[in-house]
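K.L.:
Provided herewith is a single structure, encoded as structure tokens, for subsequent inquiry.
The values are calculated or read from the model by the stated rules, or taken from the named source; none is laboratory data. Keep in mind the model is a prediction, meaning the values are calculated, not measured. Because the Cβ atoms are built from the backbone with ideal geometry, glycine has one as well, and the counts that use them run over all protein chains shown.
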């Protein structure tokens, strides 16, 4: 049995007590990964951003809201895990300052129309930087208008730059969908292509491959 950290869903970066920056991630792929991990006899822990759907029954869930909260929870969990699969759609930016309450249009402070942002931490890169002999898997999302070749190019850059063991490339039309087309990129330069198929099938393959990479690493160490 392998302990697997899975991040899933979006993050929310609040401008005030009501308004926030976020994205349309539903957490569906993260749920499918957690379900697949359980079915394969492993122990998943799901660090989950705010979603409307209910996670798979029996999965340990750590709910978070912001990117900073997700980073802290992921780092704590990864200390006891052998594999990390970062499927969350983390907001790249957050407001530099959070306004109290809900400012009205009339009472908004001077300069509020100029939103100052700061960069959020790169969660998966941070995990990979301290992975040791563990396995870290990331996702590379390209726009739906882009070709899969463009998605793969972005994925290869992410794989190398962030020192990942595996990177899953897909496009934004997969968000909220039950199916997706993906390309899996490995650190040795190889790849595996999956045509459009249910996310549960893709998730099962990702978990099997990630665990296999970890087991191979253990045998060779």
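K.L.:
When the stretch 139-154 is examined, which residues are found to be in contact with a helix residue (DSSP H, G or I) (Cβ under 7 Å, 6 or more places away or on another chain) and assigned to a loop (DSSP other than H, G, I, E, B)?
P.N.:
Passing the criteria: 143, 144.
K.L.:
Quick one: count up the residues across the stretch 155-189 that are at pLDDT 90 or above, touching a strand residue (DSSP E or B) at 6+ places or on another chain (Cβ under 7 Å) and not in a loop (DSSP other than H, G, I, E, B).
P.N.:
Final tally of qualifying residues: 13.
K.L.:
Given the structure, is residue 136 part of a helix (DSSP H, G or I), buried (at least 17 other Cβ atoms within 10 Å of the Cβ) and touching a residue at least 12 places away in the same chain (Cβ under 8 Å)?
P.N.:
no
K.L.:
Then there's this: May I ask you to verify whether residue 128 is touching a residue at least 60 places away in the same chain (Cβ under 8 Å), buried (at least 16 other Cβ atoms within 10 Å of the Cβ) and in contact with a strand residue (DSSP E or B) (Cβ under 6 Å, 6 or more places away or on another chain)?
P.N.:
No: the conditions fail for residue 128.
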